[in-house]
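Structure, as structure tokens:
The values are calculated or read from the model by the stated rules, or taken from the named source; none is laboratory data. The model shown is predicted, which means the values in this text are computed figures rather than measured ones. For neighbour counting, all protein chains shown are included, and Cβ atoms are generated from backbone atoms with ideal geometry for every residue, glycine included. Quick note on the areas: whole protein, heavy atoms, side chains included, nothing else; ligands and nucleic acids left out. Shrake-Rupley method; radii C 1.70, N 1.55, O 1.52, S 1.80 Å.
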Amino acid sequence: VNAHVHLEIPDTVTPRGIGLPAWINAWRAGGASSAEGALANAQTVAANGTAAVIDISNLNVGQAAMNAAGLRGLALHEVYGFNSPNLADALPNGTPHAPYSTHPQTIQTVANSGRRWSIHLDEDQAERDFLHDGSGPWPDHLRAFGRDLSAWRPPGLTPVRWLDSLGVLGPNTLLVHCTLTEPADLDLVAERGA
């Protein structure tokens, strides 16, 4: 079982240890996502013995690729919209991308839907810096994508504590990565059943 896969992302080689924002730029320069790529990756995943996945897609092509490859699982459509609070309403399988890229109201809308949802969390120091005091590379990265940060007020919290302050941690919450999550925050995650 692969609990977090991006089937549509091409198999590109990106440098390691450069931080998430720089990695994203390297990945974007490496090739476009596609339905064909999702199908090819799903077939490879199935051929390697994986029976079920949770696919996180930007093109919303994961379910078709999974079905064609004989995989079971959950297909979620990643929602961004740092400045757009209601993007999840139009996507029955929408899931927020991350705290630094998705509006808090969208995260709450998805969390209150009663279905399983996923979010990238605490995967890079840049995310922690952005939520703590608004520093690091994310502000420039978001502005480069045309996002307006004039109303953004960093909560001064860890990523887990910030999600908890939004009231969204619960049994339907799938937290992805958590590579920097501290023991006290892991205890909170367990307490909330996420």
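Observations
- Leu157-Asp133 pseudo-label distance in nm [points 7 Å out on the Cα-to-Cβ vector]: 2.0 nm
- The range 111-174: C-alpha gyration tensor shape, a/c 1.5 cut-off, then a/b vs b/c: prolate
- Classification of the chain by its C-alpha gyration tensor yields a prolate form. The axis ratio a/c (a ≥ b ≥ c) is 1.5 or more, and a/b outweighs b/c.
- For Thr95, distant residues with modelled amide H under 5 Å away: His77, Glu78, Val79
- Overall, the ratio between the Cα radius of gyration of the range 21-108 and 2.2 N^0.38 Å, rounded to two decimals, is 1.19.
- With DNA, RNA and ligands ignored, accessible area of Ile9 (1.4 Å probe; Å², nearest 10): 40 Å²
- Simple label model, 7 Å out from Cα along Cβ direction - Trp27 to Ala184, nm: 3.1 nm
- Using θ = phi - 60° in the Karplus curve 6.51 cos²θ - 1.76 cosθ + 1.60, the 3J(HN,Hα) couplings for the range 112-127 round to 7, 6, x, 10, 5, 8, 10, 8, 5, 8, 6, 9, 7, 4, 4, 5 Hz; x is entered for Gly and Pro.
- Rounded tilt (10° steps) of 35-47 against the dominant C-alpha axis of the chain: 70 degrees
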